[in-house]
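Every number here is computed from the coordinates shown, using simple stated rules; none is lab data. Predicted, not measured: the structure shown is a model, and the values here were computed from it. Don't worry about glycine lacking a Cβ; one is built from the backbone with ideal geometry, like all the others, and counts go over all protein chains shown.
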């Protein structure tokens, strides 16, 4: 399988925003599948994150359950304007 065939298969394997991130990553040559824990600011690989919360229609990712709990108690404290 070559690169062109792989690109054609991606829409079947990934959903919406993940496809856009992957396409941008391939075009720009950078890893943008990385997310940041809003509590401790640790960079995380999105596919490995175990703790998540949705707030105001946006997904937030956490390195630990304790960070998720802090965020859930007061999300506005950790959201950057």
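Separation between the residue 42 and residue 59 pseudo-spin-labels, each 7 Å from Cα along Cα→Cβ, expressed in nm?
Modelled inter-label distance: 1.9 nm.
Arrange the following residues from fewest to most other Cβ atoms within 10 Å of their Cβ: 62, 51. Show your work: numbers first, answer last.
On the way: 62 25, 51 17.
So the ranking, lowest neighbour count to highest, is 51, 62.
Quick check on the exposure proxy: order 78, 61 from fewest to most C-beta atoms within 10 angstrom. Spell out each step's value before the answer.
Numbers: 78 18, 61 22.
Listing 78, 61 from fewest to most nearby Cβ atoms yields 78, 61.
Once the convex hull of the alpha carbons of region 33-81 is built, what does its volume come to per residue, in cubic angstrom? Numbers along the way, then the final one.
Numbers: hull volume 3.6 nm³, N = 49.
Looking at region 33-81, the number lands at 74 Å³ per residue.
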